[in-house]
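Have a look at the structure below, then the notes.
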Amino acid sequence: MTARIGVAVMAVLLLLYIGLVGQRAWVLLSSGDGVGIGLGVALIVLPIVAIWGLGRELWFGVRAEQLGKRLAADNALPAEELEVRPSGRVVRDDADAVFPAYRAEVEKNPDDWRSWYRLGLAYDGSGDRRRARGAIRTAIKLESAARRA
């Protein structure tokens, strides 16, 4: 729940920032000065990119959570009991020990979104956030394709 609150606070702060930048862009665009207009156009592009990025990340979070809930309902989440630090993070050596099994599962079933999701959890436990997000994005794409088929 605290993660959701953090995401909501950050999203609100980003939207506030976007609003302030947009207001400054309007002031620069209406200045009539060539340099001011150029800066105003640049300040319009930045909020558009920020809104796109915010939307993409929020949608990723929603879809990842939906898939996690489906796996939990199917009792298909990883069952290993791993040691965790006081911060709640998994001890990396424990995560690295179970990682090969999840990688092998994906190699055996490359079109199964459940395997990719579990691999993403294994990557996350090992501390590789970039690959974790990539694996979960693959799981989202595969699940969406399976739903449409």
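Please treat every number below as a calculation from the coordinates, not as lab data. In this text, all values refer to a predicted model and were calculated from it rather than measured experimentally. Using ideal geometry, Cβ is built from the backbone for each residue, glycine included, and neighbour counts are taken over all protein chains shown.
For this structure, a couple of remarks:
- Computed on the range 64-149, the Cα convex hull volume stands at 92 Å³ per residue.
- Using a Förster distance of 41 Å, the FRET efficiency for R131-L16 (Cβ separation, nearest 0.05): 0.80
- Within a Gaussian network of the chain (alpha carbon springs, distance under 10 Å), most fluctuating of R85, R70, R130: R85
- Potential lengthening between A104 and W52 on full extension [0.36 nm per residue; Cα-Cα distance subtracted]: 15.2 nm
- From the coordinates of this entry, mean projected area of the Cα convex hull in nm² is computed, and it appears in [x] 9.5; [y] 12.2; [z] 8.9 under the label [y].
- For the range 2-73: rounded, prolate or oblate by the Cα gyration tensor [a/c cutoff 1.5]: prolate
- Spin-label proximity, A145 to the range 103-120 - amide N less than 11 Å from point 7 Å beyond Cα toward beta carbon: 110-113
- Annotation: amide H-H contacts under 5 Å for V91 (H modelled 1.01 Å from N, sequence separation of 5 or more, or interchain): E83, V84, R85.
- Taken about its Cα centre, the range 92-148 carries a charge dipole of about 380 debye when Lys and Arg each add +1 at the Cβ and Asp and Glu each add -1 at the Cβ.
- For the chain, a simple Cβ point-charge model (Lys and Arg +1, Asp and Glu -1, everything else neutral) yields a dipole of about 420 debye relative to the Cα centre.
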